[in-house]
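**Q** Handing you this structure, nothing more for now.
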Amino acid sequence: MEIKLLGTGCLNCKKLEANTVEAITKLGIDAEVEKVTDIVEIMSYGILSVPALVVDGEVKVSGRIPSVNEIMNLLKV
Amino acid sequence: MWQNAVNWLIYDLLGLDKSSLFGGAVNFFIYDVVKIIFLLFVIIFSVNIIRSFLPPEKIKEMLAGKNKYVGNVLAALFGIVTPFCSCSAVPLFIGFVESGIPLGATFSFLIASPVINEIALGLLWNYFGLKIALIYIVSGLLIAIFGGVVIGKLGLEDWVEDFVYQIKVGKSVSRAAKLTFKKRSKDAWIYTFGLVKKILPYIVLGVGVGAFIHGYAPEDLLVRIASKSNPFTVPAAVLIGVPLYSNAAGTIPIVVALIEKGVPMGTALAFMMAVTALSLPEMIILRKVLKKPLLATFFGIVTIAIIFTGYLFNMLI
């Protein structure tokens, strides 16, 4: 599973990263997490607000910070 | 009721002297912190529910292809409720420009977002009544609409960084329809709680300064410095406000205390708008997509508009 975190590095992005890492650890799954800070690449996902969570190329959440539980549900499917 | 409860706590339970300056300041402090926190929960929660129906992707769709002036008006209106954490300024800007929304309308949005702050609006309504809240919102909207129209007329497209026009924005997916109301409320609740926690230090600091002014500042001193008849007080209030970048919720208690002590409403409001709307961090972030002259034009227009609002309020009230 490939997880991308889109954001310019503000506090919200850091919180999203922490929640994502916690969700992955709790699920015990094998996932590759990459932080994307390049604005051109961020825009290629068609979002207008950060932070955003992309799982296997699909934007799952943008413009808000999902909770650890929500991320766990997103990653289970 | 609140005031009675606080009075009882301060004067009866803690035994502070009702007529002392210290007692008054402490009373003001406790009363205001509790009241503002309660109001913040109500305001931020409601705005978040509205926001969940209006994600920026949807606003972009609604603005694209609109007549120039209709676009300016709509963009300014959307600017009031849209989340606009400064880190989203750049993607929002690029997305708007890329989808063909005119530069003028994009700026109407960029100006309205910080100038009309929904937390400030809610608190103003509560402290000073509906009339003041309406003047605040109408003057903010006019600033955003005219600022955007002026920037559109000036034809400043070349002052946007070139790479912005080359970016291909991926197809966006609107997820708003999939959310149930329960999910929206839960999200809004989590967001509200997080935000109130984050801005709490500003509120305590703001109310602290407000309480100090309330308790100790001599009335005639402030009235002498900041009287309506002195035309320089409004620009001076703006200049003082800019480096104090803070949160609206932290600034309102200071504004309330200043007005109580006789500072004219317009001067105090201009101070608040300068604190919340003219922020250095946002300027640094926007520099990524705007060349310096356009950035300067944007901040120039907002500054002039805030000073104008200050004079307007001083004239009307």
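The values are calculated or read from the model by the stated rules, or taken from the named source; none is laboratory data. Because the structure is a prediction, the values reported are computed rather than measured. Here the Cβ is made from the backbone with ideal geometry for all residues, glycine too, and neighbour counts use every protein chain on show. Only protein heavy atoms, including side chains, enter the accessible area calculation; ligands, DNA and RNA are left aside. Shrake-Rupley method; radii C 1.70, N 1.55, O 1.52, S 1.80 Å.
**Q** Would you calculate a helix-derived [θ] at 222 nm for the protein assembly as shown, using -39,500 (n - 2.57) for each DSSP H run of n ≥ 4 and dividing by the full residue count, to the nearest 500?
**A** -21500 deg cm²/dmol
**Q** So, one more: List the DSSP H helices in chain B whose Cα atoms stretch 24 Å or more along the helix axis and whose mean Kyte-Doolittle hydropathy is at least -0.5.
**A** B:21-53, B:130-154, B:181-216, B:292-316
**Q** Run the accessible area of region B:2-133 with a 1.4 Å probe and give the carbon-and-sulfur part as a rounded percent.
**A** Taking all protein chains in place, region B:2-133 shows 68 percent carbon and sulfur surface.
**Q** Within 14 Å, Cβ to Cβ, of B:N72, how many net charges do the neighbouring residues add up to if Lys/Arg are +1 and Asp/Glu are -1?
**A** Residues close to B:N72 contribute a combined charge of +3.
**Q** May I pose another question? How big is chain B in terms of Cα radius of gyration and Dmax, in angstroms?
**A** Considering chain B through its Cα atoms, Rg and Dmax are 21.0, 68 Å.
**Q** In whole Å, what is the distance between the alpha-carbon centres of region B:82-125 and region B:1-61?
**A** Taking the Cα centre of each part, region B:82-125 and region B:1-61 sit 27 Å apart.
**Q** Next question. Return the whole-Å distance between the Cα centroid of region B:132-174 and the Cα centroid of chain A.
**A** 29 Å
**Q** Which one, B:G79, B:G194, B:G215, has the greatest fluctuation when you compute a Gaussian network model over chain B with C-alpha springs under 10 angstrom?
**A** Sorting by GNM fluctuation, first place goes to B:G194.
**Q** Can you pull out the buried accessible area for chains B and A, both sides counted, probe 1.4 Å, rounded to the nearest 100 Å²?
**A** It comes to approximately 1700 Å² buried between B and A.
**Q** Residues of region B:39-65 losing 40 Å² or more of accessible area relative to the isolated chain, 1.4 Å probe, heavy atoms only?
**A** Output list: B:E57.
**Q** Taking chain B as a Gaussian network, where each spring joins two C-alpha atoms under 10 Å apart, which residue of B:I301, B:I119, B:I240 fluctuates the most?
**A** The residue with the greatest mean-square fluctuation here is B:I240.
**Q** Give me the 1.4 Å probe accessible area per residue for region A:5-77, excluding ligands and nucleic acids, in Å².
**A** Dividing the accessible area of region A:5-77 by its residue count gives 47 Å².
**Q** Given the pairs B:K228/B:K261; B:K198/B:K261; A:K76/B:K58; B:K197/B:K261; A:K15/B:K197, which span a C-alpha to C-alpha distance of over 19 angstrom in this model?
**A** The pairs that break the limit, which is 19 Å between Cα atoms, are B:K198/B:K261; A:K76/B:K58; B:K197/B:K261.
**Q** What dipole magnitude, in Debye to the nearest 20, does chain B give about its Cα centre under +1 on Lys/Arg Cβ and -1 on Asp/Glu Cβ?
**A** That gives a dipole near 980 debye.
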